Structure formats: structure tokens, C-alpha cells
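Working notes, structure below.
The values are calculated or read from the model by the stated rules, or taken from the named source; none is laboratory data. These numbers were taken from a predicted model, which means no experiment stands behind them. Note: ideal-geometry Cβ built from the backbone for every residue, glycine included; neighbour counts use all protein chains shown. Protein only, heavy atoms only, side chains kept; ligands, DNA and RNA dropped before computing areas. Shrake-Rupley method; radii C 1.70, N 1.55, O 1.52, S 1.80 Å.
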Amino acid sequence: MQPLLEPGERMEEASREPSVSLRSKISTYMTMAWEAYKKKPISHWVLLFLSCAAMLVAFPASSLLSRLYYSNGGTSKWIISWVAVAGWPLTALILFPTYFFCKTFPSPLNLKLTLSYIVLGFLSAADNLMYAYAYAYLPASTAALLASSSLVFSALFGYLLVKNKLNASMINAIVIITAAMTIIALDSDSDTYGDITNSQYIIGFIWDILGSALHGLIFALSELVFVKLLGRRSFHVVLEQQLMVSLFAFIFTTIGVVVSKDFQGMKSEAKSFEGGTTSYLLVLIWGAITFQLGVLGATAVLFLSSTVLAGVLNAIRVPITSIAAVILLHDPMSGFKILSLVITFWGFGSYIYGSTSFGKDSS
């Protein structure tokens, strides 16, 4: 029989237990992290670090360059859409050496797989055009916040098309992020540039949400292609899909630029661009490079780690883009937008927690 404890002793004993439990949890997590580190070669961690850096640097840089194009005198929506996929040869430069070093062979193309690449390429071209309208009429910080709603649509389309599971935390994230988008819509009066009308702001807002919805659909369809048609997930297969989709998106967008005669207008647009022709070309070239590097980084993170880490990085790059836009482009940043940013980050955290719960259940 244990001796009875005085009230003060009971409180002291109770206060000791959580600290011991916390220390043991920290120790357990550190041990798990060390074991995971030892299971992979150093090259794996270097590549993962570079991929994470690409997501956190290239994607925000691409967003800022898109907005810089319009704020410095650019007007074409098709040109920015074209820039988003003009860097597709970078993927080829990374893919082709893997066939030699990894001793693999290209995945055989059949009619279904080719048609899926064509459809995804067309949808990607349309998605880039929608985002171009968003960056033409919205501050970069606002456009980035609204684009984070693609997580909501990815979850919904993944549930409907790929039969991915949803739990309470993930549904909670969907509601929270939707609320954050509503807050931005209510604060539109203090969120516009001087030369942007209310109707243009509304158009940019709508196209940004529609682009995010289409982005979520593309993500779900891409996963469906892996599950139904490819049946395997290796790094070169992921790169092959990215290359083919980007190539067809480039073809469709190039047709759009030619039909709209925006290629002919680039010369006069460059002359009137703030900073001249050199600045104009640098914005477009670096826009193409950074967008493709961001996509490659995201692709590598998904393959080398997990969708959970990709979700964490997506959550982090939203405030990075917003803060960088406020500092570098002098974006308006009201209290409502800050609140929306905090709520969006909270929503991402809830989604990541829900995704981690599924991972624990399946292990």
C-alpha cells in the first residue's frame, strides 16, 4: 500500500510527470530522425535540401517577377503564361542523364498515356493563363494567398477522383482556408493598386480562385495517371510526366501567343518597359527559370520525402511570398490581410496534421 501524499507533494509529483513525458518524446523524435538520417546516403539529403530550397526561393521569386512584369509596363497575359512553361527544357536536361546513370529506360508511350499528357498540358496552359490574369490585377501577396486555396481543391478532387481519404483535421483545414479567402474578399477596398479598378480586382480575384481550383484538379489527375496508367513511382517517371505535360502546355500556350499576335507586340512592349529592353528580357528569362526550378523542386520533394513535407513547404512559401512582396514591391498589407495570412497558415498546419495522422494509421 502506497503512502498518502500531502496536497503539496501531489502537485509537485503531477508537475514532474509532463516534463518527463516531454523529454522522452523529444528523445524519441530525435532518435527517429537520426535513424531516418542513417538509412539514406548523404547524397539523398543534399538533393532533398536543394529541392526544398528551390521550392522556397524559386516559387516566390517567380510570383514576384510575374507581378513585376505588369507593374513595370507589361500588359500581355499570354506572354506571362508562355514564360511559365518556356523553361521546360530544364526538365529534359535533368531527365536524360538519369537514363544513363541509373540505367533505366523511358516509359513506353501508349494512346491513353499520350492523351493524358495532352489533356494535362492543355489544362496547365489554361491554369497559367488564369494565374496571369490574377497577377495582372492583384498584389503579389494577395495572389499568393488566394493561390494557397489550391490545397482545398487538391483535397476535394483527390477525394472524388483518386479516393484519397479525408479526416476531421483536413476538413477543418478546408473550412479555415476558405474563411481566409473570404476575409481577403471583404478587404478589397484597401488591397488595390492605384491604377487597378474595382472591376479588374474582382476579375483577378475570380481568375485566381478558378486557377487554384484547376490546379487542384491537375494535381489529382496527375496522381490518377500514376495510379492507373504508370503503376510505378520512380524519379525518372515523375520527371517524364513533368516534361511531357510542360511540353504540351508550351505548345498550346505558344499557339495562343501566335494567334493573339503578342509575339509581335513584345518589341514595342520592351521599349516602353520601365528599365528598358534589358530589364524586360531579364524579367522574362528569370521568370521562366525560377518557375521551372520551383516545379522541379516540388517534384523532387514529393519523390524524395512525402506530400506532408511538400505541404509544409507550401505553407511556408505563402508568407515568404507575401512578406517579400510587401518589402520589394511595396504591396499593401492591411490588418485583414495579416489575419488572412495567419488563418491560412493555421489551415495548412491542420491539413498537414491530418495527413500525418493517416501516415501513422497506415504504418
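General remarks:
- Stretched out straight at 0.36 nm per residue, the stretch from residue 302 to residue 171 would grow longer than its current Cα-Cα span by 44.9 nm.
- 21 Å Cα-Cα reach of residue 40 towards lysines, excluding residues that sit fewer than 8 places from it in its own chain: 103, 360
- Electrostatic dipole magnitude of segment 191-328 [Cβ: Lys, Arg +1; Asp, Glu -1; Cα centre; debye, to 20]: 440
- Additional length obtainable on full extension of the chain from residue 342 to residue 96, 0.36 nm per residue less Cα span: 84.4 nm
- Peptides 263-275, 313-325 ordered by average Cβ neighbours within 10 Å, highest first: 313-325, 263-275
- Nearest-0.05 FRET efficiency for residue 260 and residue 119, computed from C-beta distance (R0 22 Å): 0.45
- Computed accessible area, residue 215, all protein chains, 1.4 angstrom probe, square angstrom: 80
- Three-way shape call for segment 37-105 based on the alpha-carbon gyration tensor, with the a/c threshold at 1.5: oblate
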